[in-house]
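Reading through the structure tokens given below for one structure.
The values are calculated or read from the model by the stated rules, or taken from the named source; none is laboratory data. Everything quoted here is computed from the prediction, not taken from an experiment. Quick reminder, even Gly has a Cβ in these numbers, built from the backbone with ideal geometry, and neighbours come from all protein chains shown. Quick note on the areas: whole protein, heavy atoms, side chains included, nothing else; ligands and nucleic acids left out. Shrake-Rupley method; radii C 1.70, N 1.55, O 1.52, S 1.80 Å.
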Amino acid sequence: YLASLGFHVLQPNYRGSTGFGLAYREAIKEDGWGGREQEDIRTGIEALMAAGIAQPGKIGITGTSYGGYSSWFAITRFPPELVAAAAPICGMTDLLIDWETTRPHLRPYSEEMMGGSPFEVPERYDERSPRNYIENIRGQLLIVQGLQDPNVTPENVWAVRGALERAGIDYEVLTFDDEGHGIHRPRNQKVLYPRLAEFFASAFARA
């Protein structure tokens, strides 16, 4: 949809993704969530800039679930020349809150990715949680969430909104009462996709 409107769209196959064998998929565990796979995304952005395809200050990021987490990570860790706008969809904001509120059978997966539980490696959960870097945000932010999400629960949004307001960071929120983990219903996608396009176009116009 975004490409059809004239946006250049990069879909990075960062470490932890499929397509390059088991070792590549498992490589994300070396650092855990918020490690070198996020540098893979940064490298992809920088490569597009070097090729003249992307312009500094006119780059946005969106994604669902782990893509939502990556969107949060980018807007709180990368400078605005690299990421000027982020629209995380059902993304983790606080990894401790996510561990506490997600479905119990998903907690071992979080622990596998993070090298232990929040009780065993609390400093890693803290260091990798975007909520703790809210003050770094210099770009535009649109938070998208399904209010019935049992995986990345709305508590992730409520927690980060408090941090955003305390830091005086402007943001927008788009929620869907009848969506879970991801925005899947066609009628809701007809709302989401134009909103994303409008959001990014407006953010880039400010650069």
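Quick notes
- Taken per residue, the accessible surface of segment 8-72 reaches 52 Å², heavy atoms only and a 1.4 Å probe.
- Mean Cα-pair separation over length for segment 60-207, i.e. relative contact order, pairs under 8 Å, 6 or more apart, %: 26
- Our helix-only sum for the chain, with -39,500 (n - 2.57) per DSSP H run of n ≥ 4 divided by its residues, gives a mean residue ellipticity at 222 nm of -12500 deg cm²/dmol.
- Derived scalar couplings ³J(HN,Hα) [segment 71-82; Karplus, 6.51 cos²θ - 1.76 cosθ + 1.60; whole Hz; x for Gly, Pro]: 5, 4, 4, 5, 6, 9, 10, 9, x, x, 5, 8
- Take every pair of alpha-carbon atoms less than 8 Å apart whose residues are at least six positions apart; their mean separation over the length of segment 1-112 yields a relative contact order of 18 percent.
- Computed over the chain, the percent of Cα pairs more than 22 Å apart is 48.
- Most mobile of ILE61, ILE53, ILE75 in a GNM of the chain (Cα contacts under 10 Å): ILE53
- Part-to-part distance (alpha-carbon centres) for segment 65-107 and segment 118-164, which is given in Å: 6
- When only the Cβ of Lys, Arg, Asp and Glu is charged (+1, +1, -1, -1), the dipole of segment 86-155 relative to its Cα centre reaches about 240 debye.
- Rough spin-label spacing in nm, given labels placed 7 Å along Cα→Cβ, for ALA197 and VAL121: 4.2
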